[in-house]
Each structure stands twice: as C-alpha cells, then as structure tokens.
1. Please find the FRET efficiency linking residue 4 to residue 57, where r is the Cβ-Cβ separation and R0 is fixed at 25 Å, and quote it to the nearest 0.05.
2. So with the 1.4 Å probe, I'd like the accessible area per residue for the chain, rounded to whole Å².
3. Can you run phi through the Karplus equation (6.51, -1.76, 1.60; θ = phi - 60°) for the range 191-196 and list ³J(HN,Hα) in whole Hz, with x for Gly and Pro?
4. Taking 0.36 nm per residue of separation and subtracting the Cα-Cα distance, what length does fully extending residue 279 through residue 361 add?
5. For every other residue with a beta carbon closer than 11 angstrom to the beta carbon of residue 81, add +1 if it is Lys or Arg and -1 if Asp or Glu, then tell me the sum.
6. In terms of the Cα gyration tensor, with a ≥ b ≥ c the square roots of its eigenvalues, is the range 114-245 rounded because a/c is under 1.5, prolate because a/b exceeds b/c, or oblate?
7. Working with all protein chains in place, sort 363, 183 by solvent-accessible area computed with a 1.4 Å probe, largest first.
8. Would you please classify the overall shape of the chain from the alpha carbon gyration tensor, given that a ≥ b ≥ c denote the square roots of the eigenvalues, rounded means a/c under 1.5, and beyond that prolate means a/b larger than b/c while oblate covers the rest?
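The values are calculated or read from the model by the stated rules, or taken from the named source; none is laboratory data. Model, not experiment: these values are computed from the prediction. Don't worry about glycine lacking a Cβ; one is built from the backbone with ideal geometry, like all the others, and counts go over all protein chains shown. These accessible areas exclude ligands, DNA and RNA; they are computed on the full protein's heavy atoms, side chains included. Shrake-Rupley method; radii C 1.70, N 1.55, O 1.52, S 1.80 Å.
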Amino acid sequence: MTKRIGILTAGGDSPGLNAAIRGVGKAAQEAFGMRVIGFRDGFRGLVENRSVDLGGSVLSGILTIGGTILGTSRDKPHKMKIAGKTQDMTDLIVENYHRNHLDMLVCLGGGGTQKNALQLAQKGLNVITLPKTIDNDVGMTDTTFGFDTALGIATGAIDRLHSTAHSHHRIIVVEIMGHRSGWLALGSGIAGGADVILLPEIPYSFEAIADAISHRVKNGKNFSIVAVAEGAVDTEQAATRARLEAALANAEASEDKKQRKEIKAELKALEADYVGHTMKLAHRLEQMTGLESRPTILGHLQRGGTPSAGDRLLATRLGTACAEYIDDGLSGVMVAARGDSTEPVPLEQVAGNKKLVPPDHPWIESARRVGVCFGDR
Ligand code: F6P
C-alpha cells in the first residue's frame, strides 16, 4: 500500500522551511514511493481541509526560497479562533487526517508546534516533527534550521552598526529576536564583536552596563555596541516575574481560579510595561554615560529572505531522514540533529522542553574572556 503523508508548517516562519518541505517530499516520493500533500497555513489549514498536492514538479526550485510555500500561522489545534470564538478543533483535525487517508502528519515548527504535535499524537494520529526556529531553543536537538541564517543576518547588521557607532562616538543598542532564549543575541553578539550582550537568561543591571561603557571610554573607546535580546530583563523585572510565576504555580496547584486570573493579569501588565524596552535602555544609557545613544530593532528582517547554505543543508538532512523514519514505521518523534547525523527523539521529551542558554555555557565563557559585559557584574 502506498503511504500517504501530509506536511504542514506552523509557528513563525523560518529560512529553510522550503528546503525541509522539499527534503521530506522529494525523499518520500522519489526514494520511498509515497504520496505527499501539504496543508495551508499550519494547523488552521488542516482544520479547514485546505490541502495542496506536493507531487510532480511542485517541489522543484524551492530550495533557495525563504518563508514557506505552504503558509503558516500560530494557531493551536486546541485553542483556535473560529468566527471570533476560541474553540478546541482537535476532533476536526483527527477527522480530516482520516478523510485524507493519511498515514503520517509531518509538522515543521518550533516549541509550540512540538507541543501541539504531541497532543495530536496522544489523540492517536501518526505524527513526526522537524525542529525549526531562528531562536534555536527547541530541546533535544543540537540545533534548529533558521538559526544559522538569522545568525548571519544579525551579525551582518552588527557589523554595519559598528562603523556608524564608531564615527559618531555613540552607543548603539541593537535588539535581536529571542523572547525567552538568547541564543541569537549571544551568537551574533560574539560574532559581531558587541561590547555588551544582554540575554533573557542573565538579568542585567543598568549600572553594570554603564560602568562597562564608561570603562571603555576611559580606555579611549568612545563608542559601544549593546546587543540586547528581545526578552532580556533587568534584575528588578526578573525578580517580579519570578515571584509572579511562583505564585501562579501555587494558584494552579490549589486550583484557585480567581487568584490565577489576577496573577495572569499582573504578568500581562509586566509584559506590556516591557514593550519598547530597547528604546528605554538606549535612553537610560545616554543619561548614565553622557554618550549619545541610538536604538535599532532588527525585527522580522532576521526571519526573511534566502536561507544560508548551512540551513539548506540541515533542513535537507532532517527532511530526508524524516522520510526514512516514516518508511521504517516510526511515529511520535522529532527528527533531531545529532552531530553529522540525525536521531528520532520521542515527542514527550521535546514538548515543553525549551533549550535556554545556560549561564555557564562555553560561548558565554569565551565572550567574557574577550571582554564582553553581560550586565551582571
Ligand atoms: O519564534 C521565533 C520568533 O521569531 C521569536 O524570536 C519572536 O519573539 C517571535 O517569533 C515573533 O513572532 P511574530 O512574528 O509572531 O511577531
């Protein structure tokens, strides 16, 4: 019997998604004789049964293209907005899986997608995932596709900011994507020679950053580059968040709904207060050091455009291994990158397992040795 597989891409887009779709699809069809279809716009396309045949020449010529030919969305199967109302659409997904006579659903995505995929697997569907995100924060895999491209883009941006910061004797605070994990800010900060790197994993103090910049001025370096992750927090914000998260865990354990609601609202307010923090940081550093300061937010530039050679290679390796795993009868796993090879990892070990930057990671040690300040001392 010819196996039928469906592919979808979910969560934020990432360079290398098309290379992965092509890797899975071509290997599945050409090496293993399967039929392949795609679903549009992530899990929403599966709910609405919007599919596209990925046979014939559809997969030709997409290796080098950014984004995803299938489209994507951040919709979750169990919490989807339908006609303005949030609904659990899992049962319809299960129904459409069978309506399309699928033997396997391949989900390409980051941390959220791994959790959603596990839930579908627990509903009895055959599911395999691939790890995709520019954040590089999916657990149980060496790396994720999209990260290498974004690393190159952010590093190139820091290179360009250097010459203007140097010419004007300014501080430039550059915001790099990464809400809860700082791999991208750390990697590009090191590769681009940033003087200060601020990560969500290491709360910073304004004084420590200002001291480091003033120290540079004393040594004749009257410009500085501060690479700040989108989700970096100062020590005060970190303490407030830790207190609220602990309180939320208690409220959840005691099933106190009212208290849970109140704490969630407080956490939301904290996040809202956080919007524009890069601007505030630049302003504060200008006041504290006397140097002119400018913010730059790289934003979605980091996710757009042609995937790097490294991401094309990684996505092709993972995609083709995925087809082989399906042929072998595996399911309920993520195709992880392990050295030069790949490894199937049970989704239970991946879902909810965010890979944060350990504060004693060798990259951090190296950065400190070349004089980078992390705002913590
Ligand atoms: O998950 C990848 C990511 O790029 C994060 O770094 C960033 O916080 C988020 O997506 C932005 O998401 P959106 O494109 O939905 O605004």
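1. Efficiency, from the Cβ-Cβ distance: 0.80.
2. Per-residue value: 44 Å².
3. Each residue of the range 191-196 in turn: 5, x, x, 5, 8, 10 Hz.
4. 26.7 nm
5. Neighbour charge sum, excluding residue 81 itself: +4.
6. It comes out oblate by the Cα gyration axes.
7. Accessible-area ranking of 363, 183, largest first: 363, 183.
8. Prolate is the answer for the chain, as a/c is 1.5 or above and a/b outweighs b/c.
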